Amino acid sequence: MNRLGPEDYQSNRHIRKILQLARTSRGDIFYDLGCGRGQLCVVAVAEFGVKRAVGIEMHRGRAAKAAQRIQELGLADRIEIRNEDFIESDLHDATVVYSGLGEIDEDVMFFERQVRSGCRIVSLFLPFVGVLPAAADYPFYLMKVPFRKTRDFSLWSSKVLFKEASVDELYQELDTDREYRYDKRTFKRLMKERFPKM
Ligand SMILES: C[S@@+](CC[C@H](N)C(=O)[O-])C[C@H]1O[C@@H](n2cnc3c(N)ncnc32)[C@H](O)[C@@H]1O
């Protein structure tokens, strides 16, 4: 599935929120899946001192611009930009991963297979459906591998909305969140699959 979206970038304030939520520090190797201009990698290296950062960007022009920017900033020895679909990329050394992309069917299995135990994954707007976040700083959620999963919708939604809510109330919240754009059909299908008693 093609997830190329608009060039919608996080502010430095939000980038710091993401990296702080994952308690990112000098021992980490940071990956941004869908890195656009590469700013998350720049902040991860320049402000959080990570050993290495990798930005993966499927859009050729955006990846080229990011790589050029990293060169100009003199950070090419610490930041690698890969022009590919992250699902085809090698993430084995990642310790912190940010994905601002909406979840699709294969994501949970992909991360379970691809990243090492202990890796922290930060998502935007929602954790993966059925995965319990370890922490949150809305709109960001932190998940740790191996994932803690639940088939109990009430438990999951209470961690997502920070209150008890019915399925309809959850959909209503998502629909009224001005910032949140999502593929409703995929999301509803994932909800039905992962919460069979819902
Ligand atoms: C909205 S931008 C976010 C950039 C940056 N992560 C930020 O938050 O500031 C998302 C980027 O992800 C890229 N993208 C979408 N699906 C992708 C995929 N499967 N693999 C790699 N890049 C992808 C898009 O081309 C787009 O540039």
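Every read-out reported here was derived from the displayed coordinates using simple, explicitly stated rules and does not represent laboratory data. The model shown is predicted, which means the values in this text are computed figures rather than measured ones. No Cβ is skipped: glycine too gets one built from the backbone with ideal geometry, and neighbour counts run over all protein chains shown.
Take each peptide in 17-23, 186-192, count the other Cβ atoms within 10 Å of every residue, and average; sorted highest first, the result is 17-23, 186-192. When a/c reaches 1.5 or more, the comparison of a/b and b/c decides; with that in mind, is the range 121-198 rounded, prolate or oblate per its Cα gyration tensor? Rounded, because the longest to shortest axis ratio a/c is under 1.5. All Cα-Cα distances of the range 44-135, cut into 10 Å bins from zero to the largest, leave 14, 45, 33, 8, 0 percent in each bin in turn.
Not counting the cut sites, what is the longest span of the chain without GluC sites (Glu not before Pro) that DSSP labels loop and that have at most 15 other Cβ atoms within 10 Å? Free of exposed loop sites, the longest segment is 107-163.
Given contacts defined as C-alpha pairs under 8 Å and at least six residues apart, what's the relative contact order of the range 1-137, whole-number percent?
On the way: 218 pairs, mean separation 33.7, N = 137.
That works out to 25 percent.
Divide the volume of the convex hull around the Cα atoms of the chain by the residue count and you get 110 Å³ per residue. Cα centroid separation, the range 46-69 to the range 86-104: 14 Å.
Helical runs (DSSP H, four residues minimum) scored at -39500 (n - 2.57) apiece and divided by the length of the chain put the mean residue ellipticity at 222 nm at -10000 deg cm²/dmol.
For the range 105-145, taking the reciprocal of the average inverse distance between every pair of different Cα atoms yields a Kirkwood hydrodynamic radius of 10.4 Å.
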